[in-house]
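*Asks:* Take this structure first; my questions come after.
The values are calculated or read from the model by the stated rules, or taken from the named source; none is laboratory data. Please read these numbers as outputs of a predicted model, since none were measured by experiment. Every residue, glycine as well, gets a Cβ built from its backbone with ideal geometry; the counts of neighbours run over all protein chains shown. The area values use the complete protein model at the heavy-atom level, side chains included, leaving out ligands, DNA and RNA. Shrake-Rupley method; radii C 1.70, N 1.55, O 1.52, S 1.80 Å.
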Amino acid sequence: VHLVESGGGLVQSGTSLRLSCEASGSTFSINSMGWYRQAPGKQREYVAHIVGSGSITNYAETVRGRFTISRDNAKDTVYLQMHSLQPEDTAVYYCYATTSGKLTWGQGTQVTVSS
């Protein structure tokens, strides 16, 4: 499985942004997909994930109610819709996918929120 993220950028506080993560390769083997983020000087932290076609989703407390994860199986793409962005959301956002016994990461996309 290969993952490519897109949609990052520089936005103002309070605005919205949608990240995309397109999977290719053996996408039929994907169990779950999700997002982590890493701010400068900090450890990578969990953001959200989605299982299967979307019956199960979960969010970090820091983004719950502001971010929504969804998946379009026809496009093999997972989305992260982010609302009410704050400067503390500034980070590189990494998409991941889990298959049987393997975790795959994308290359990351930068999100910068200015105050």
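*Asks:* Quick check: the distance between the Cα centres of region 23-43 and region 63-82, to the nearest angstrom?
*Replies:* 12
*Asks:* For the chain, with every protein chain kept in place, what is the accessible area per residue (1.4 Å probe, Å²)? Mind dumping the intermediate values first?
*Replies:* Values: 5890 Å² over 115 residues.
Dividing the accessible area of the chain by its residue count gives 51 Å².
*Asks:* What is the percent carbon and sulfur in the accessible area of the chain, measuring with a 1.4 Å probe over the protein chains and ignoring ligands?
*Replies:* Values: 2850 of 5890 Å².
Ligands and nucleic acids excluded, carbon and sulfur reach 48 percent.
*Asks:* Exactly which trypsin sites (Lys or Arg not before Pro) in region 7-42 are in a DSSP loop and have at most 15 other Cβ atoms within 10 Å? It would help to have the intermediate numbers written out before the result.
*Replies:* Working: sites: Arg18, Arg37, Lys42; in loops: Lys42.
Here the sparse-neighbourhood loop sites are Lys42.
*Asks:* Determine ³J(HN,Hα), in whole Hz, for all residues of region 97-104 in sequence, where each value follows from phi through the Karplus function 6.51 cos²θ - 1.76 cosθ + 1.60 and θ = phi - 60°; x replaces Gly and Pro.
*Replies:* Karplus-based 3J(HN,Hα) across region 97-104 equals 9, 10, 10, 4, x, 9, 10, 10 Hz.
*Asks:* Right, another one. 7 Å from Cα along Cα→Cβ at both Ser84 and Ser70: what's the point-to-point distance in nm?
*Replies:* It is 1.9 nm.
*Asks:* Ok, one more. Through the Karplus equation 6.51 cos²θ - 1.76 cosθ + 1.60, θ set to phi - 60°, convert the phi angles of region 22-36 into ³J(HN,Hα) values in whole Hz; use x for Gly and Pro.
*Replies:* The phi angles translate into 9, 9, 9, x, 7, 5, 5, 8, 6, 8, 9, 9, x, 9, 10 Hz.
*Asks:* Provide the per-residue ³J(HN,Hα) series for region 41-47, in order, calculated from phi with Karplus coefficients 6.51, -1.76, 1.60 and θ = phi - 60°, each as a whole number of Hz, with x at glycine and proline positions.
*Replies:* x, 10, 6, 5, 10, 5, 10
*Asks:* Can you pull the one-decimal nm distance between simple spin-label points at Thr99 and Glu45, each 7 Å off the Cα toward Cβ?
*Replies:* 3.1
*Asks:* Determine the dipole magnitude for region 1-109: charges of +1 sit on the beta-carbon of Lys and Arg, -1 on that of Asp and Glu, nothing else is charged, the reference point is the Cα centre, and the result goes in debye to the nearest 20. Intermediate values should be presented prior to the final figure.
*Replies:* Values: 9 positive and 8 negative charges, 18 e Å.
Charge dipole of region 1-109: 80 debye, to the nearest 20.
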